[in-house]
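The values are calculated or read from the model by the stated rules, or taken from the named source; none is laboratory data. The structure presented is a predicted model; accordingly, all values stated were derived computationally and were not measured. All Cβ positions, even for glycine, are placed from backbone atoms using ideal geometry, and neighbour counts span all protein chains on display. Surface accessibility is based on the protein's heavy atoms, side chains included, excluding ligands, DNA and RNA. Shrake-Rupley method; radii C 1.70, N 1.55, O 1.52, S 1.80 Å.
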Amino acid sequence: MKDSRIPAHYVTRLLAQAHLAGCDTRTILQQAEIDEQALSSQADISARRYAALYQLVMRTTEDEWFGMFVGGKVQLGSFRMMCLTLLSCSNLRQAIIRAGEFSEICRGMLVKFTLDEDTQSDHVFLRMVPVRSCSTEEFDQLLSDADPGHILSAIIAWHKFAEWLTGKDIALHQVALRHPKSRGCEPLACVRQESVIHDCHDVGFAFSQGVLDYPLVQDHESLMAFLSTAPYHLVTQDPLKLSFTERVRNILKREVNRSIPSAEQLSEMLNMSVTTMRRQLSKEGTSYQKLKDECRMEVAIHYLACAELSNADIAEKLGFDEPSAFFRSFKKWTGQTPGEYRQQQLPKNP
């Protein structure tokens with residue numbers, strides 16, 4: 001993946017924040033393989049180098065949301081656990097609600113985002129609010145005392161996280177901040193030129209209401225890749241992106257245990273026509289049926305390792321009308337019947 005470049009002043013600002021938190025910034029720079037001389041000359045920095053630097057600061061301070069406003073200090077590993085709880089969500093709306101529920105029980109998080117929906121508007125507002133254990137007065141004081149750049153960094157983080165979950169660009173209609181423009185607001189992450197409004201009562205960001213129905217397209221494998229480079233997604237205009245084929249495959253993999261969507265249902269989830277979806281998959285050398293078969297085969301192989309499941313049980317779980325249809329398909333995929341596969345792969349009883 002082509003690496004983006006980050007302006008040097010983002011690195012300088014991160015290092016200043018790290019120094020205030022008690023970090024040995026020279027050692028961290030060396031570990032991130034960032035040249036101090038290049039930094040002093042204001043040369044742009046590789047986004048991946050900046051991400052590595054950011055990760056080092058997070059580990060050193062033991063604060064996974066370093067430089068982003070959440071109200072407190074969040075323990076390492078919390079973000080990974082939150083991501084894992086979101087992967088089973090069908091769409092962005094569910095993910096936002098579940099992320100808010102996670103924030104309620106996550107140590108260090110005193111704020112969360114909640115949906116404000118207006119049926120008379122085409123836009124929805126994701127508003128920052130206190131968790132139940134934090135009073136309105138405490139929340140107002142936290143916002144007043146916070147670095148405005150940290151608040152904006154948090155908003156950028158949640159926006160780009162939503163883009164990663166859905167695999168789509170999400171246009172921001174508005175970013176609302178409570179503090180006056182005179183206080184300044186330089187985030188620790190690159191931000192596109194969006195409509196930022198100051199002196200607002202509410203803090204958050206607005207986007208098209210239809211975005212809430214976007215399906216989540218990530219899976220455990222892509223999450224591990226995402227976590228290994230985070231916060232790369234915060235600091236580059238080109239976050240970890242999936243190909244169209246990968247997006248479709250991940251939706252099918254998530255849905256195969258429920259009710260695998262038809263081509264028409266899948267195209268509707270992706271906000272496009274069936275013809276457009278098929279054409280895009282064809283460009284990438286695959287098809288809906290091929291991906292559907294691959295996902296069913298992967299799950300079938302997993303189920304066949306479960307001795308307590310009969311072949312008829314597996315056929316039903318995979319959405320086949322009859323066990324015989326499952327038998328025929330599995331033999332077409334692997335050259336073996338389900339029974340032959342089980343006999344060959346499963347350990348023999350002593």
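Looking only at the stretch 220-229, how many residues end up being in contact (Cβ under 8 Å) with a residue 60 or more places away in the chain, open to solvent by 10 Å² or more (accessible area, probe 1.4 Å) and within 10 Å of the chain's Cα centre (by Cα)?
1
Does Cys83 qualify as being open to solvent by less than 20 Å² (accessible area, probe 1.4 Å), closer than 22 Å to Met58 by Cα and either in contact with a Ser or Thr (Cβ under 9 Å, 6 or more places away or on another chain) or free of Cβ contacts under 8 Å to residues at least 60 places away in the same chain (or both)? Can you show your working first?
On the way: open to solvent by less than 20 Å² (accessible area, probe 1.4 Å): yes; closer than 22 Å to Met58 by Cα: yes; either in contact with a Ser or Thr (Cβ under 9 Å, 6 or more places away or on another chain) or free of Cβ contacts under 8 Å to residues at least 60 places away in the same chain (or both): no.
No.
Considering (1) without any contact (Cβ under 8 Å) to a residue 60 or more places away in the chain; (2) closer than 24 Å to Leu84 by Cβ; (3) open to solvent by less than 20 Å² (accessible area, probe 1.4 Å), say which one Val256 fails and leave the rest.
Unmet for Val256, out of (1) without any contact (Cβ under 8 Å) to a residue 60 or more places away in the chain; (2) closer than 24 Å to Leu84 by Cβ; (3) open to solvent by less than 20 Å² (accessible area, probe 1.4 Å): (1).
Looking at (1) modelled with pLDDT of 95 or more; (2) open to solvent by 10 Å² or more (accessible area, probe 1.4 Å), which is the one condition that is false for Asp147?
For Asp147, the failing item is (1).
Please work out which residue is modelled with the highest pLDDT, limiting yourself to the stretch 234-279 and to residues that are under 15 Å from Glu221 (Cα atoms) and outside any helix (DSSP H, G or I).
Ser243
All but one of (1) part of a loop (DSSP other than H, G, I, E, B); (2) open to solvent by 10 Å² or more (accessible area, probe 1.4 Å); (3) within 21 Å of Val111 (Cα to Cα) hold for Lys168; which doesn't?
Looking at each condition in turn, Lys168 falls short on (3).
Counting only residues that are open to solvent by 40 Å² or more (accessible area, probe 1.4 Å) and in contact (Cβ under 8 Å) with a residue 12 or more places away in the chain, which one in the stretch 290-320 is nearest to Asp169 (Cα to Cα)?
Across the stretch 290-320, the extreme among qualifying residues is Glu294.
Between a residue in the stretch 117-136 that is in contact (Cβ under 8 Å) with a residue 60 or more places away in the chain and closer than 15 Å to Phe207 by Cα and any residue that is open to solvent by 30 Å² or more (accessible area, probe 1.4 Å) and part of a loop (DSSP other than H, G, I, E, B), which pairs come within a Cβ distance under 7 Å, given they are 6 or more apart or on different chains?
Qualifying pairs under 7 Å: Arg127/Asp202.
For residues in the stretch 98-133 being open to solvent by 80 Å² or more (accessible area, probe 1.4 Å) and part of a loop (DSSP other than H, G, I, E, B), which is farthest from Leu84 (Cα to Cα)?
Ranking the qualifying residues of the stretch 98-133, first place goes to Gln120.
Might you let me know whether the stretch 201-210 holds any residue that is farther than 21 Å from Phe226 by Cβ, touching a helix residue (DSSP H, G or I) at 6+ places or on another chain (Cβ under 7 Å) and either without any contact (Cβ under 8 Å) to a residue 40 or more places away in the chain or surrounded by fewer than 19 Cβ atoms within 10 Å (Cβ to Cβ) (or both)?
Among the residues of the stretch 201-210, not one is farther than 21 Å from Phe226 by Cβ, touching a helix residue (DSSP H, G or I) at 6+ places or on another chain (Cβ under 7 Å) and either without any contact (Cβ under 8 Å) to a residue 40 or more places away in the chain or surrounded by fewer than 19 Cβ atoms within 10 Å (Cβ to Cβ) (or both), which makes the answer no.
Scan the stretch 120-148 for residues that are closer than 25 Å to Ala162 by Cα and among the hydroxyl-bearing types (Ser, Thr, Tyr) and jot them down.
Once the filter is applied, which keeps residues that are closer than 25 Å to Ala162 by Cα and among the hydroxyl-bearing types (Ser, Thr, Tyr), the stretch 120-148 yields only Ser121.
Inside the stretch 1-54, can you point out the residues that are modelled with pLDDT of 80 or more, open to solvent by 70 Å² or more (accessible area, probe 1.4 Å) and among the aliphatic types (A, V, I, L, M)?
Leu20
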